[in-house]
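K.L.:
What follows is a single structure, and I will ask about it in a moment.
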Number of protein chains: 2
Amino acid sequence: MKAEIISVGTELILGNILNTNTYYLSKRLWEIGIEVLYHTSIKDEPKFLEEALNIALGRADLLIFTGGLGPTSDDMTKEVICKTLGIDMELNKEAEKDIKDYFYSLNRPMSGNNIKQAYLPKGAQYLINEIGTAPGVYIENSGKKIIMLPGPPKEMKLMFNKYVIPLIKQDYIIKVQTINTIGIGESSLETILMDLTSSKNPTIATYPKEGQVDIKLVAKGYDEDKVDCLLKEMKERISGRISEYIYSYKDEKIEEVIVNKLKRKKLKIAICESCTGGLITSKLTKIPGVSEVLERGIVTYSNKSKVEEVNVNKTTLDKYGAVSEEVALEMAQGILEKAGVDIAVSTTGIAGPTGGSNKKPIGLVYIGIATRNSSYAIKSIFKGDRESIQKRAALKVFDELRKIL
Amino acid sequence: MKAEIISVGTELILGNILNTNTYYLSKRLWEIGIEVLYHTSIKDEPKFLEEALNIALGRADLLIFTGGLGPTSDDMTKEVICKTLGIDMELNKEAEKDIKDYFYSLNRPMSGNNIKQAYLPKGAQYLINEIGTAPGVYIENSGKKIIMLPGPPKEMKLMFNKYVIPLIKQDYIIKVQTINTIGIGESSLETILMDLTSSKNPTIATYPKEGQVDIKLVAKGYDEDKVDCLLKEMKERISGRISEYIYSYKDEKIEEVIVNKLKRKKLKIAICESCTGGLITSKLTKIPGVSEVLERGIVTYSNKSKVEEVNVNKTTLDKYGAVSEEVALEMAQGILEKAGVDIAVSTTGIAGPTGGSNKKPIGLVYIGIATRNSSYAIKSIFKGDRESIQKRAALKVFDELRKIL
């Protein structure tokens, strides 16, 4: 079954709100085995809706509309679809009662135009909205399934999961296996996997994020065991070639992997940041339960704080400068000692937009790593603006931690 | 000019990523006077792209494609558009040189398939990508303007603002005045501004972001002075009513305003974070030039580090607990003394998802503020998940700093 999602709403077209409904519906539809092919967003105007409906009827079997089911005169999704398909509308007693009950439960009077919401296409299945006033609609017409859901994401999600999924679920299974990589570029990955990328089942696609690439394998079939087997085989072939770059098979963030590794090994960490300015600590502290493993973080932004907080030698600063391998090492060793942890990392660099020189260009970052047994520093040069340089330096730290943990 | 935005990318259709490009482009296009009518998203496959192109040519004058300009074989936006329109492709020497220079500057070898990116439609205008390898394209064909931009949002935005806007800007002037507010909700704002919101020129719209609301005034006309005057009058009327909530008229982040105020007053700041875990320091260090004013930041995640780093009294911790007004105050006072700065802030709270109790629920956050003359603490309870609570606590700190600076 091929699906098209049509979002009706001027606020989307004006760029006032992000279209999170389409994002959510796409993910859920793929998960239940329905192939999504198109997303369309249009203004709240009959002619655009009629046009979008006609195009979608010509190319998809399942049409999901969101938005335009409210009580005001702008809301015309049901009305235009019925007119275009030649279906009459009629008052649905059950919907009418639910809307009245809804207002009663809120202790608020029902506005007169809310009754409009209880009119549904003749022969339609009424989809209950437990947390709002806009009923959903399911109709079948000339072999096409048409679903209308309200725009507010909370209402839409609840109704989709509870009432729509049972109506459209497929026997045909589609499963997705993610492989999260770090430290290798998209084109290098493609070169290594070249002969595999023509595979039809599973298909293989690469998705670059800043400094990382996700690989997605999508397998299809009627037999769940076979689908699982197809995914497993391909996953193993790919892993065999690029294992050193893979940090997860579970669509996780790299910092989640780091926190979990630290937890499992019962290791404590401390962070001393200069150019990344707290970004590494902040990313780690977004992960629930990090307090078991993160002892402290210090942003030694000034030279004075480097000396006072983590015992960097004043002569090292004078001789090599704050952005140097030597200072990165002393920062990591200093916070390791001070916090009494098992592992410590540091960053010092030039994030820009000013402060670069020929010898020390913008983007130069030293990372220090210290453990109870050893310590070392890594030099990198990152491209991009201030934020990109900070982000990539943080990723590099996580990649390094992944390798040593 | 009527515009359609077409996003090419299987990752969008699969629900792997949110379509932030369309959101951004819609907003910017309206701001420069171009009416957006449709958003379409499709898979990375030639037949879908060809179909979307043909539909868009039939209903829009300006077609903006994003995505599918990468080096891999999936990337086929340019190729399919050229084939459909009957345009040949040729190597663009300038683009080729830029791509080579890009790899040279990264000190990385250029992968063979990157050269594919330098092939552009014959007669096209080459749009430079300063921070990536995918060139943009501008072509005119049978009275339609067609623009192709890379999918990564940073590259797309930079190229759109620098190279695309001058190519599509209208004589008809549309100007936007932003009013950034903090500390007031959208519905309260709407109530205060009720009588003004029906204004047609400028129009007034409110855009809530987490914990903040931006007000956008959009004025239109052929005479620039008149447009400016309309905006200025409305800006003054609104400012008169809600001045205490306005932190900028320049569409800035609140942290930019804080850094600039500190710079102007030549004040130094230090941050001691617990529940926000480095987020405040990290947000401040994203602002260029912050090193003039930020002395250091410490994330005292453990109780031990609160005692050792910022001299919190062990008995205060035992008596009141880490999440308390008393500890927040001692943290701020402690880092003020230690760092020798003019102003210090601290946070301690329960970000969740676990760790809450009846007396100290998830979302409870104490903020400490210390200066040379005085110190005080603020208690707040924020709603939402871990990340929302951290974000809102950071915003509250910035709002408080704005008021006292």
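The values are calculated or read from the model by the stated rules, or taken from the named source; none is laboratory data. Because the structure is a prediction, the values reported are computed rather than measured. All Cβ positions, glycine included, derive from the backbone under ideal geometry; neighbour counts span all protein chains shown.
K.L.:
Got at least one residue in segment A:222-232 being surrounded by fewer than 21 Cβ atoms within 10 Å (Cβ to Cβ), of a type in the set (Lys, Arg) and closer than 30 Å to A:Met331 by Cβ?
P.N.:
no
K.L.:
Can you tell me which residue among B:Ser26, B:Ser41 is surrounded by 21 or more Cβ atoms within 10 Å (Cβ to Cβ) and not in a helix (DSSP H, G or I)?
P.N.:
Criteria check complete, one pass: B:Ser41.
K.L.:
Consider segment B:325-343. How many of its residues are within 18 Å of A:Val307 (Cα to Cα) and assigned to a loop (DSSP other than H, G, I, E, B)?
P.N.:
Of the residues in segment B:325-343, 2 are within 18 Å of A:Val307 (Cα to Cα) and assigned to a loop (DSSP other than H, G, I, E, B).
K.L.:
Among the candidates B:Glu325, B:Glu273, B:Glu308, B:Glu295, single out the residue that is surrounded by fewer than 17 Cβ atoms within 10 Å (Cβ to Cβ) and closer than 30 Å to A:Gln390 by Cβ.
P.N.:
On the way: B:Glu325 fails: closer than 30 Å to A:Gln390 by Cβ; B:Glu273 fails: surrounded by fewer than 17 Cβ atoms within 10 Å (Cβ to Cβ); B:Glu295 fails: surrounded by fewer than 17 Cβ atoms within 10 Å (Cβ to Cβ).
That would be B:Glu308, the only listed residue that is surrounded by fewer than 17 Cβ atoms within 10 Å (Cβ to Cβ) and closer than 30 Å to A:Gln390 by Cβ.
K.L.:
On the basis of being closer than 26 Å to A:Leu18 by Cβ and among the hydrophobic types (A, V, I, L, M, F, W, C), does A:Met89 make the cut?
P.N.:
For A:Met89, the condition - closer than 26 Å to A:Leu18 by Cβ and among the hydrophobic types (A, V, I, L, M, F, W, C) - is not met.
K.L.:
Scanning for something within 14 Å of chain A (Cβ to nearest Cβ), assigned to a helix (DSSP H, G or I) and under 25 Å from the mean Cα position of the chain (by Cα), does segment B:344-351 turn up at least one residue?
P.N.:
Within segment B:344-351, none of the residues are within 14 Å of chain A (Cβ to nearest Cβ), assigned to a helix (DSSP H, G or I) and under 25 Å from the mean Cα position of the chain (by Cα).
K.L.:
Working only within segment A:11-22, note down all residues that are free of Cβ contacts under 8 Å to residues at least 60 places away in the same chain and either surrounded by fewer than 22 Cβ atoms within 10 Å (Cβ to Cβ) or farther than 30 Å from B:Val176 by Cβ (or both).
P.N.:
Selection gives A:Glu11, A:Leu14, A:Gly15, A:Asn16, A:Ile17, A:Leu18.
K.L.:
B:Asp75 fails exactly one of the following numbered conditions: (1) among the charged types (D, E, K, R); (2) more than 8 Å from chain A (Cβ to nearest Cβ); (3) surrounded by 17 or more Cβ atoms within 10 Å (Cβ to Cβ); (4) part of a helix (DSSP H, G or I). What is the number of that condition?
P.N.:
(4) is the only condition that B:Asp75 fails.
K.L.:
Could I ask something else about it? Please go through segment A:365-377 and give me each residue that is surrounded by fewer than 22 Cβ atoms within 10 Å (Cβ to Cβ) and in contact (Cβ under 8 Å) with a residue 24 or more places away in the chain, ordered by number. Walk me through it before giving the result.
P.N.:
If we filter segment A:365-377 for residues that are surrounded by fewer than 22 Cβ atoms within 10 Å (Cβ to Cβ), which is where we start, we get A:371-377.
The answer is A:Thr371, A:Arg372, A:Ser375, A:Tyr376, A:Ala377.
K.L.:
Do the conditions hold for B:Ala377, that is, is it on the phi < 0 side of the Ramachandran plot, assigned to a strand (DSSP E or B) and in the same structural domain as B:Lys396 (by TED's automatic domain parsing)?
P.N.:
When the stated conditions are applied, B:Ala377 passes them.
K.L.:
Would you point out the residue of segment A:383-404, among those that are within 11 Å of another protein chain (Cβ to nearest Cβ) and part of a helix (DSSP H, G or I), that is nearest to A:Arg372 (Cα to Cα)? It would help to see each step written out before you state the result.
P.N.:
Filtering segment A:383-404 for residues within 11 Å of another protein chain (Cβ to nearest Cβ) gives A:383-391, A:394.
Filter once more, keeping what is part of a helix (DSSP H, G or I): A:386-391, A:394.
Working: A:Arg386: 33, A:Glu387: 32, A:Ser388: 31, A:Ile389: 29, A:Gln390: 27, A:Lys391: 27, A:Ala394: 22 Å.
Ranking the qualifying residues of segment A:383-404, first place goes to A:Ala394.
K.L.:
I would also like to ask the following. Please state which of the following conditions B:Thr206 fails to meet, knowing it meets all the rest: (1) within 14 Å of chain A (Cβ to nearest Cβ); (2) under 30 Å from B:Asp171 (Cα atoms); (3) in contact (Cβ under 8 Å) with a residue 24 or more places away in the chain.
P.N.:
For B:Thr206, the failing item is (3).
K.L.:
Taking the stated definitions as given, is B:Lys47 of a type in the set (Lys, Arg), closer than 28 Å to B:Ile115 by Cα and either in the same structural domain as B:Asn114 (by TED's automatic domain parsing) or modelled with pLDDT of 95 or more (or both)?
P.N.:
When the stated conditions are applied, B:Lys47 passes them.
K.L.:
Return the total of residues in segment A:11-21 being more than 7 Å from chain B (Cβ to nearest Cβ) and either modelled with pLDDT of 95 or more or more than 20 Å from the chain's Cα centre (by Cα) (or both).
P.N.:
2
K.L.:
Give the residues of segment A:84-95 that are in contact with a strand residue (DSSP E or B) (Cβ under 9 Å, 6 or more places away or on another chain) and assigned to a helix (DSSP H, G or I), sorted by residue number.
P.N.:
Correct list: A:Leu85, A:Glu94, A:Ala95.
K.L.:
Residues of segment A:106-127 being modelled with pLDDT under 85 and over 22 Å from A:Lys157 (Cα atoms), which ones?
P.N.:
If the condition is that a residue be modelled with pLDDT under 85 and over 22 Å from A:Lys157 (Cα atoms), then A:Asn107, A:Arg108, A:Pro109, A:Met110, A:Ser111, A:Gly112, A:Asn113 are the ones that fit.
K.L.:
Restricting to segment A:245-258, and then to whatever is among the charged types (D, E, K, R) and touching a residue at least 40 places away in the same chain (Cβ under 8 Å), can you tell me which residue is surrounded by the fewest Cβ atoms within 10 Å (Cβ to Cβ)?
P.N.:
A:Lys250
K.L.:
Exactly one condition in (1) modelled with pLDDT under 95; (2) over 28 Å from B:Ser302 (Cβ atoms) is not met by A:Val290; state its number.
P.N.:
If we test A:Val290 against (1) modelled with pLDDT under 95; (2) over 28 Å from B:Ser302 (Cβ atoms), just (2) comes out false.
K.L.:
Pull out all pairs, ordered by first then second residue, where Cβ-Cβ is under 6 Å, the residues are six or more apart or on different chains, the first lies in segment B:298-316 and is under 12 Å from A:Ile269 (Cα atoms) and touching a residue at least 24 places away in the same chain (Cβ under 8 Å), and the second is part of a strand (DSSP E or B) and of a type outside the set (A, V, I, L, M).
P.N.:
Sorted first by the residue in segment B:298-316, then by its partner, the pairs are B:Tyr301/A:Arg296.
K.L.:
Can B:Ile343 be described as surrounded by 24 or more Cβ atoms within 10 Å (Cβ to Cβ) and not acidic (Asp, Glu)?
P.N.:
no
K.L.:
Quick check on segment A:44-70: of everything there that is in a loop (DSSP other than H, G, I, E, B) and in contact (Cβ under 8 Å) with a residue 60 or more places away in the chain, which residue is farthest from B:Lys2 (Cα to Cα)? I'd like the intermediate steps shown before the answer.
P.N.:
Initially, segment A:44-70 is screened for residues in a loop (DSSP other than H, G, I, E, B), giving A:44-45, A:60-61, A:67-70.
If we keep only those that are in contact (Cβ under 8 Å) with a residue 60 or more places away in the chain as well, we get A:60-61, A:67-70.
Details: A:Ala60: 26, A:Asp61: 29, A:Gly67: 23, A:Gly68: 22, A:Leu69: 26, A:Gly70: 27 Å.
Per the stated criteria, the residue is A:Asp61.
K.L.:
Please give the strands (runs of 3 or more DSSP E) falling wholly within segment B:106-190 in which 3 or more residues are away from chain A (no Cβ under 14 Å), farther than 30 Å from B:Arg392 by Cα and over 26 Å from the mean Cα position of the chain (by Cα).
P.N.:
Output list reads B:119-121, B:136-141, B:144-149.
So that you can scan it fast, the table gives a plain yes or no per residue for (1) of a type outside the set (D, E, K, R); (2) within 13 Å of chain A (Cβ to nearest Cβ):
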site: B:Val293; (1), (2): yes, yes
site: B:Lys306; (1), (2): no, yes
site: B:Gly321; (1), (2): yes, no
site: B:Glu326; (1), (2): no, no
site: B:Ala339; (1), (2): yes, yes
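K.L.:
Looking only at segment A:191-207, decide whether some residue is among the basic types (Lys, Arg), modelled with pLDDT under 90 and surrounded by 16 or more Cβ atoms within 10 Å (Cβ to Cβ).
P.N.:
no
K.L.:
Within segment A:270-291, work out how many residues are on the phi > 0 side of the Ramachandran plot and more than 7 Å from chain B (Cβ to nearest Cβ).
P.N.:
Qualifying residue count, segment A:270-291: 1.
K.L.:
Give the residue, chosen from A:Leu395, A:Leu364, that is closer than 18 Å to A:Thr281 by Cα and of a type in the set (A, V, I, L, M, F, W, C).
P.N.:
Residue meeting the stated conditions: A:Leu395.
K.L.:
Here are A:Ala60, A:Ala56: which of them is more than 10 Å from every other protein chain (Cβ to nearest Cβ), under 16 Å from A:Asn141 (Cβ atoms) and in contact with a Lys or Arg (Cβ under 6 Å, 6 or more places away or on another chain)? Lay out the reasoning, then the answer.
P.N.:
Values: A:Ala56 fails: in contact with a Lys or Arg (Cβ under 6 Å, 6 or more places away or on another chain).
Testing whether each residue is more than 10 Å from every other protein chain (Cβ to nearest Cβ), under 16 Å from A:Asn141 (Cβ atoms) and in contact with a Lys or Arg (Cβ under 6 Å, 6 or more places away or on another chain) leaves just A:Ala60.
K.L.:
Of the residues in segment B:220-249, how many are within 26 Å of the chain's Cα centre (by Cα) and at pLDDT below 90?
P.N.:
Residues meeting the conditions: 1.
K.L.:
Going residue by residue through segment B:114-122, is there one that turns out to be surrounded by fewer than 15 Cβ atoms within 10 Å (Cβ to Cβ) and in contact with an Asp or Glu (Cβ under 9 Å, 6 or more places away or on another chain)?
P.N.:
The answer is yes, given that some residue of segment B:114-122 is surrounded by fewer than 15 Cβ atoms within 10 Å (Cβ to Cβ) and in contact with an Asp or Glu (Cβ under 9 Å, 6 or more places away or on another chain).
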